[in-house]
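What follows is a set of notes on a single structure, which appears directly below.
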Amino acid sequence: RLMRAGAVIYNPAFLVKNLLRDQLTAYLYSEYGYIPFVDMARGVFHLLKQDDLFHEYANSGAMMSSIVKDGKTIVPELAKAYAKHGMRQKIFRAINPYVSLPALSEFIEQSTRLGLYAKARGKGAGILEATREAREGTLDFGRAGTLGRSVNRYVPFFNAVIQDPVLFIEKTRKNPARMM
């Protein structure tokens, strides 16, 4: 857990790398024409507004595919906590990397996934298909077998190392021209 936290959650360099990587993979893997950064910005607006599409997305289960799954960093809970606290706590939370880096990491990841979801829904996909698009548009950290989950507890990033090439191969088989 400590190694994962240092390499991923509390590493600002990872945030930038993951943002760029998610935009590229969402563009390549999307079946609905994801536009990097543009559709992510739309996802940001849905996250901030917490509109009907956001609630539909949250209830769909697509949020469970993110790399950061800490009850303290789930986007809706952060928004509620932020609204409840006074100015002093808001400033402390904003400059405290222990709190803000995990939240920012999840916010970036969920913005991309919600952008994928919104794009799919906007193009007529049903909730199930849009959920699949959001989960498979970037690396789905919730996808693992029983053995993979067990090994991942002791070998950091094992699941990501396995899932990344598997997803790439699946998408290449499905649409070789786009992947080339």
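The values are calculated or read from the model by the stated rules, or taken from the named source; none is laboratory data. What you see is a predicted model, and the numbers here were worked out from it, not measured in a lab. Methodologically, a virtual Cβ is constructed for each residue, glycine included, from the backbone with ideal geometry; neighbour enumeration extends over all protein chains shown. Heavy atoms of the whole protein, side chains included, go into the accessibility calculation; ligands, DNA and RNA do not. Shrake-Rupley method; radii C 1.70, N 1.55, O 1.52, S 1.80 Å.
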- Yes or no: Arg153 over 16 Å from Tyr29 (Cα atoms), open to solvent by 60 Å² or more (accessible area, probe 1.4 Å) and either modelled with pLDDT under 85 or under 18 Å from the mean Cα position of the chain (by Cα) (or both)? yes
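Kindly evaluate Arg113 against the criterion of being in contact with a Ser or Thr (Cβ under 6 Å, 6 or more places away or on another chain), within 18 Å of Asp39 (Cα to Cα) and not aromatic (Phe, Trp, Tyr). Before you say what the answer is, go through the steps one by one.
Values: in contact with a Ser or Thr (Cβ under 6 Å, 6 or more places away or on another chain): no; within 18 Å of Asp39 (Cα to Cα): yes; not aromatic (Phe, Trp, Tyr): yes.
No: the conditions fail for Arg113.
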- Message: Checking Gly142 against (1) modelled with pLDDT under 85; (2) more than 16 Å from the chain's Cα centre (by Cα): exactly one of these is not met. Which one?
- Response: (2)
- Please work out if Leu114 is on the phi < 0 side of the Ramachandran plot and touching a helix residue (DSSP H, G or I) at 6+ places or on another chain (Cβ under 8 Å). yes
- Unmet criterion (only one of (1) of a type in the set (Gly, Ala, Ser); (2) closer than 18 Å to Arg21 by Cβ; (3) modelled with pLDDT of 85 or more) for Ala160: (3)
- Message: Which count do you get for residues in segment 136-150 that are under 22 Å from Ser111 (Cα atoms) and open to solvent by 60 Å² or more (accessible area, probe 1.4 Å)?
- Response: 1
- Query: Right, Val161: surrounded by 11 or more Cβ atoms within 10 Å (Cβ to Cβ), of a type in the set (A, V, I, L, M) and farther than 28 Å from Gly33 by Cβ or not?
  - Reply: yes
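Can you work out which of the residues in segment 119-135 that are open to solvent by 20 Å² or more (accessible area, probe 1.4 Å) and under 16 Å from Gly43 (Cβ atoms) is modelled with the lowest pLDDT?
Just the residues of segment 119-135 that are open to solvent by 20 Å² or more (accessible area, probe 1.4 Å), to begin with: 119, 121-124, 126-129, 132, 135.
Checking the rest, the ones that are also under 16 Å from Gly43 (Cβ atoms) come to 119, 121-123, 135.
Details: Lys119: 98, Arg121: 97, Gly122: 97, Lys123: 97, Arg135: 91.
Checking each candidate, the answer is Arg135.
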- Message: Which numbered condition in (1) modelled with pLDDT of 90 or more; (2) surrounded by fewer than 20 Cβ atoms within 10 Å (Cβ to Cβ); (3) within 15 Å of the chain's Cα centre (by Cα) is the only one that Arg113 fails?
- Response: (2)
- Query: Which of the residues belonging to segment 2-61 are acidic (Asp, Glu) and surrounded by 14 or more Cβ atoms within 10 Å (Cβ to Cβ)?
  - Reply: Asp22, Glu31, Asp39, Glu56
- Item | Enumeration of residues in segment 62-85 that are within 30 Å of Arg178 (Cα to Cα) and either modelled with pLDDT of 55 or more or open to solvent by 40 Å² or more (accessible area, probe 1.4 Å) (or both) | Ala62, Met63, Met64, Ser65, Ser66, Ile67
